[in-house]
1. May I ask you to list the residues in the stretch A:258-270 that are crowded, with 21+ Cβ neighbours inside 10 Å and outside any loop (DSSP other than H, G, I, E, B)?
2. Please enumerate the residues belonging to the stretch B:209-226 that are among the aromatic types (Phe, Trp, Tyr) and either in a loop (DSSP other than H, G, I, E, B) or more than 13 Å from chain A (Cβ to nearest Cβ) (or both).
3. If you check A:150, A:138, which single one turns out to be crowded, with 18+ Cβ neighbours inside 10 Å, away from ligand 1 (no atom under 16 Å from the Cβ) and not hydroxyl-bearing (Ser, Thr, Tyr)?
4. Those residues that are assigned to a helix (DSSP H, G or I), more than 16 Å from ligand 1 (Cβ to nearest atom) and in contact with a strand residue (DSSP E or B) (Cβ under 9 Å, 6 or more places away or on another chain), I need them from the stretch A:200-229; list them, please.
5. Which count do you get for residues in the stretch A:78-95 that are at positive phi and either among the charged types (D, E, K, R) or more than 8 Å from every other protein chain (Cβ to nearest Cβ) (or both)?
6. Test of understanding: among A:319, A:282, which residue is surrounded by fewer than 18 Cβ atoms within 10 Å (Cβ to Cβ), under 30 Å from residue A:184 (Cα atoms) and not aliphatic (A, V, I, L, M)?
7. Can you go through A:278, A:351, A:331 and tell me which one is assigned to a loop (DSSP other than H, G, I, E, B) and either at pLDDT below 80 or under 22 Å from residue A:233 (Cα atoms) (or both)?
Amino acid sequence: MTDSSPLALEVSHAVKIYGALPNAVKALNDVSIDVANNEFFTLLGPSGCGKTTLLRMIAGFETITEGSIRLFGENIENLPANKRPVNTVFQQYALFPHMTVLQNVAFGLTMLGKSDREANGIATRMLDMVQLGEFSNRKPTQLSGGQQQRVALARALAPSPKLLLLDEPLSALDLKLRHAMRVELKQIQEELGITFIFVTHDQEEALTMSDRIAVMSNGELQQIGTGREIYEEPKNKFVADFIGETNLLTTQVESIQGANAVCVVGNHTPLECASAGGISIGDTGIISIRPERITLTKPGSDATGSNLTGTVKRFIYLGTDTQCMVELDDGTEIHVRVQNAHDSATDFDVGERASIKIDQGAARLLVN
Amino acid sequence: MSAPIAPLNAKKNPNAGVFDGIGLWLLSPSWIVIGVFLLLPVFMMLIFSFLTKEFRGGVIWEPTLAAYDQFLFDRGLFGDEPPTIEWTYITIFARSIWQAALATLFCLIIGFPTAYYIATRSARSRSVWLFLITIPYWVNLLIRTVSMKFLIRDTGPLNQFLMSTGVIDSPIHIVNTNFAVQLGLFYSYLPFMVLPIYAAVERYNFALSEAAWDLYADRWTTLRKILIPVVKPGIIAGCILVFVPSLGAFLAPDLLGGAKTFMIGSLIEEQFKGNAGNWPFGAAASMILLSMVLIVLMFYARQQTRAQAGAR
Ligand SMILES: Nc1ncnc2c1ncn2[C@@H]1O[C@H](COP(=O)(O)OP(=O)(O)OP(=O)(O)O)[C@@H](O)[C@H]1O
Ligand SMILES: [Mg+2]
């Protein structure tokens with residue numbers, strides 16, 4: 001992020017309430033996001049958390065109940081959708097069925113007052129970019145889902161919007177195509193230098209494509225950060241739990257050493273946890289430990305690790321990894337992920353005792 | 001391909017197999033219904049139109065072109081003068097087409113917004129609206145047309161109301177005018193316009209309007225370039241459903257109109273009613289009407305297939 005150029009998008013303290021009082025729904029509660037120019041920004045959250053609502057407010061389809069939206073420094077919350085230099089790729093594509101692919105892509109350009117020749121020229125280039133040049137005279141219904149998806153993308157990109165909004169554009173595609181489109185979308189975004197705001201509830205999709213991710217839940221923003229930050233330094237239990245897999249252990253703070261807290265887990269085993277600060281001795285909290293940052297060793301073989309021990313309960317084969325469920329001595333169950341190349345997990349039998357080693361810095365204390 | 005080449009038509013119709021053998025037999029009830037109630041009467045009319053008339057109704061089984069000749073040519077009072085074009089019936093036909101087209105236009109102008117309004121309500125109020133639209137149709141058309149006449153006649157409630165409020169001093173003569181006939185046709189056939197358009201708008205994906213709006217189209221352009229073209233099949237169906245019965249209508253022109261608003265429907269009706277009739281002439285007029293309707297429908301079908309071919 002460069003400080004000199006204005007932010008592409010600033011949403012400040014946005015509130016959205018649907019309907020009138022007796023059965024009003026608060027879909028967004030005080031949401032603020034800043035998106036830098038050329039950024040691939042993702043809104044991530046479970047179903048019903050308000051992602052679409054936020055996106056539709058930016059597009060101009062929904063009014064904002066409170067707060068403001070600025071696009072490159074200009075207030076746009078009072079502009080109708082057709083006056084905002086923002087385009088949308090709709091989840092179900094919403095291609096015009098009575099028009100050819102070329103007419104679909106040229107539509108926005110024609111509406112902006114471009115001549116037919118110019119509009120068709122740009123539209124043809126856009127279709128070439130998404131590798132659909134040869135389909136320009138077909139009707140949308142004569143295309144596969146993936147092809148329709150690209151037409152929708154080309155149509156939204158053709159008028160060179162300042163901001164492109166994408167509402168779960170890949171959710172209707174099958175897995176293989178989805179993976180291919182992720183790469184392609186990211187490439188196109190980098191090539192054109194247009195700011196993308198991408199909505200998804202698929203955390204893997206968010207992690208692979210985004211420069212930054214905003215995690216939302218229940219109409220509220222939980223955390224904004226790069227994929228790495230959100231995965232490795234989750235701010236709260238929701239984020240830790242929603243992004244990837246994690247072990248959550250309730251605990252109490254025993255002592256504080258700088259930014260780290262020493263907490264008790266298992267049968268009075270002290271464990272050093274990273275924390276965001278603002279904690280004091282005696283606080284209860286939750287420790288998040290990613291399953292891939294735990295290793296199992298034979299009891300007594302490794303003296304340097306913690307003396308947390310447990311019993312191996314079950315193995316689940318997952319292809320590249322094996323997931324191992326271990327019951328700690330105090331009865332809590334934790335998941336351990338072992339890459340199959342190492343075949344260390346398979347050294348154990350079900351019912352065997354194991355010593356549990358947690359990587360340095362892998363445990364994070366979350367307050368709530 | 002090593003597989004044997006399939007017959008050509010197998011490719012055209014993937015369901016072809018369903019229609020051979022037993023399928024045809026299963027369809028026989030529909031064929032019987034269509035044959036007996038649709039094709040047979042039309043065929044009879046076709047035959048009758050080429051027979052000689054019997055005074056006091058009925059036909060004599062002697063083939064002649066007299067009915068068509070009477071429709072098209074004037075040969076003087078005794079039929080011995082050189083033929084000139086007979087304008088009476090052609091005028092009636094032209095007027096009927098004009099009236100029916102006008103009624104269709106009015107139904108469209110009022111019916112489209114109505115259908116759109118209903119289709120965009122919540123599911124519950126939608127069914128209430130549809131019910132309200134169809135309620136009058138539980139009453140016989142004759143009775144409804146007569147009631148309309150009572151409403152608009154010189155001493156009827158409409159004129160009384162307008163006079164009592166001081167808008168007018170003397171009653172407006174509505175009955176026996178083209179306007180009254182239009183009103184009657186409009187009132188009779190409006191639901192035939194509303195219902196198909198409603199069905200089309202209800203299926204319309206409003207995300208398309210949003211997409212157009214997002215792509216810098218204003219509301220008017222969105223209506224013109226997206227909504228109307230997409231729901232066009234419903235609009236055309238509505239227009240056909242209003243135009244065709246309006247063209248052959250006789251109740252509204254008979255009851256609400258006068259001599260100057262005489263339409264084909266009434267002309268045909270007269271030929272088969274009472275003793276003054278001329279069955280072959282009525283049949284010939286019917287055949288001419290039918291062929292005109294068929295020509296309109298064929299144009300439409302042709303355009304549809306061309307539009308579809310264009311999509312390929
Ligand atoms: N038009 C509306 N009227 C009333 N409530 C609405 C409306 N649209 C959305 N909501 C409510 O607002 C909340 C947020 O909805 P939204 O569509 O933004 O969720 P989302 O995060 O996009 O979910 P999904 O992943 O399922 O698409 C939900 O509780 C939803 O029921
Ligand atoms: Mg959504």
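The values are calculated or read from the model by the stated rules, or taken from the named source; none is laboratory data. Since the structure is predicted, the reported quantities are computational estimates derived from the model, not experimental observations. When we count neighbours, we look across all protein chains shown, and the Cβ atoms used for this are built from the backbone with ideal geometry, even at glycine.
1. Within the stretch A:258-270, the first condition is being crowded, with 21+ Cβ neighbours inside 10 Å, and the residues that meet it are A:261, A:263, A:265-266.
Result: A:261, A:263, A:265.
2. From the stretch B:209-226, those among the aromatic types (Phe, Trp, Tyr) are B:213, B:216, B:220; that's our starting set.
Of everything in the stretch B:209-226, just one residue is among the aromatic types (Phe, Trp, Tyr) and either in a loop (DSSP other than H, G, I, E, B) or more than 13 Å from chain A (Cβ to nearest Cβ) (or both), namely B:216.
3. Working: A:138 fails: crowded, with 18+ Cβ neighbours inside 10 Å.
The unique qualifying residue is A:150.
4. Of all residues in the stretch A:200-229, those assigned to a helix (DSSP H, G or I) come to A:203-209, A:227-229.
Those left that are additionally more than 16 Å from ligand 1 (Cβ to nearest atom): A:207-209, A:227-229.
Scanning the stretch A:200-229 gives A:207, A:209, A:227, A:229.
5. First, the residues of the stretch A:78-95 that are at positive phi: A:93-94.
From what's left, either among the charged types (D, E, K, R) or more than 8 Å from every other protein chain (Cβ to nearest Cβ) (or both): A:93.
Matching residues across the stretch A:78-95 total 1.
6. Numbers: A:282 fails: under 30 Å from residue A:184 (Cα atoms).
Just a single option satisfies the conditions, and that option is A:319.
7. Working: A:351 fails: either at pLDDT below 80 or under 22 Å from residue A:233 (Cα atoms) (or both); A:331 fails: either at pLDDT below 80 or under 22 Å from residue A:233 (Cα atoms) (or both).
One residue alone meets the criteria, A:278.
Residues checked against (1) part of a helix (DSSP H, G or I); (2) at pLDDT 90 or above; (3) surrounded by fewer than 17 Cβ atoms within 10 Å (Cβ to Cβ):
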site	(1), (2), (3)
B:105	yes, yes, yes
B:115	yes, yes, no
B:118	yes, yes, no
B:127	yes, yes, yes
B:132	yes, yes, yes
B:173	no, no, yes
B:181	yes, yes, no
B:190	yes, yes, no
B:195	yes, yes, no
